[in-house]
């Protein structure tokens, strides 16, 4: 029996983490990236840009068993979201690589949810179909689920890696806090989303696939002010309400329920932001 073959389209940080993990288990990894020279040496590298016409031409003869697509918008406008999500997914559906698939994972976003009042959302909750940005993501999900018979869609919340150099910690270190601190925020550590993706592929290979949509977010939705106050304490920065009123821009206000993913057997290494940012004090003191 040959080892499973995974194709990663748009292989950035998360794709690389997944590919390394499955390669260590004996999987064959092919990956497409605009700069293929940045891929690990154990990957079969392909050059391409999934947001452009003909950008997947190099994959015409690739016949993988599984597909991982981790899309991002080509630009932060409506056209960029269409090119990065629904347009790219249509292009993937048109190439021959999809014909051999017996499973796949798409990393989507909790941005698709319509909820804005701080209530809980799960896989059955209403979607933001009037938001053109969310609509492109929703359309990509539909194409993906129709393309692959045993497909998993992870609606991931905000990704972070817990490092002092991360965007949120860097901002707080400058004394800049969120304007909408009373809004709920949701997150998932980069190690956990990568491990969840690996888990989905391993379950599929074991004939126990995670079919359909799963919310991928940690156990503790929290008000942004609580997260920022705690982080400020960890790095020794005073949290001031006046500063909190001067910085904003967050979207959404919801609490993401990860019960379905946990019921499938997945265990979070970092179940909340305090675990995920647990190394900040040690980093500050060293």
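Cα centroid separation, segment 162-238 to segment 123-158: 20 Å. Peptides 5-13, 126-134 ranked from most to least packed by the mean count of surrounding Cβ atoms within 10 Å: 5-13, 126-134.
Which of rounded, prolate, oblate describes segment 147-187, given a ≥ b ≥ c as roots of the alpha-carbon gyration tensor eigenvalues and a/c under 1.5 marking rounded, otherwise prolate only if a/b is larger than b/c? The shape class here is oblate.
In degrees, nearest 10, range 0 to 90: what is the angle between the Cα axis of helix 13-23 and the longest Cα principal axis of the chain? For 13-23 against the chain, the angle is about 50 degrees. Here the residues 218, 53, ranked from fewest to most Cβ neighbours within 10 Å of their Cβ, fall in the order 53, 218. When 81, 160 are sorted by how many other C-beta atoms sit within 10 angstrom of their C-beta, beginning with the fewest, the order is 160, 81.
The long axis of helix 190-205 is offset from the longest Cα principal axis of the chain by roughly 30 degrees.
Note on residue 100 and residue 170: with the Förster distance fixed at 51 Å, the Cβ-Cβ geometry gives a FRET efficiency of about 0.75. Answer rounded, prolate or oblate for segment 109-203, using the Cα gyration tensor with square roots of eigenvalues a ≥ b ≥ c: rounded when a/c is under 1.5, else prolate when a/b is larger than b/c, else oblate. Oblate.
Between the helical axis of 132-147 and the longest alpha-carbon principal axis of the chain there is an angle of about 40 degrees.
Considering only alpha-carbon pairs that sit under 8 angstrom and 6 or more positions apart, the relative contact order computed for segment 96-180 is 36 percent. Among 207, 281, sorting on how many other beta-carbon atoms sit within 10 Å of each Cβ, with the fewest leading, yields 207, 281.
Readers should treat all values here as calculations from the given coordinates under stated rules, not as data from a laboratory. Treat the numbers as computed from the prediction; the structure is a model and nothing was measured. All Cβ positions, glycine included, derive from the backbone under ideal geometry; neighbour counts span all protein chains shown.
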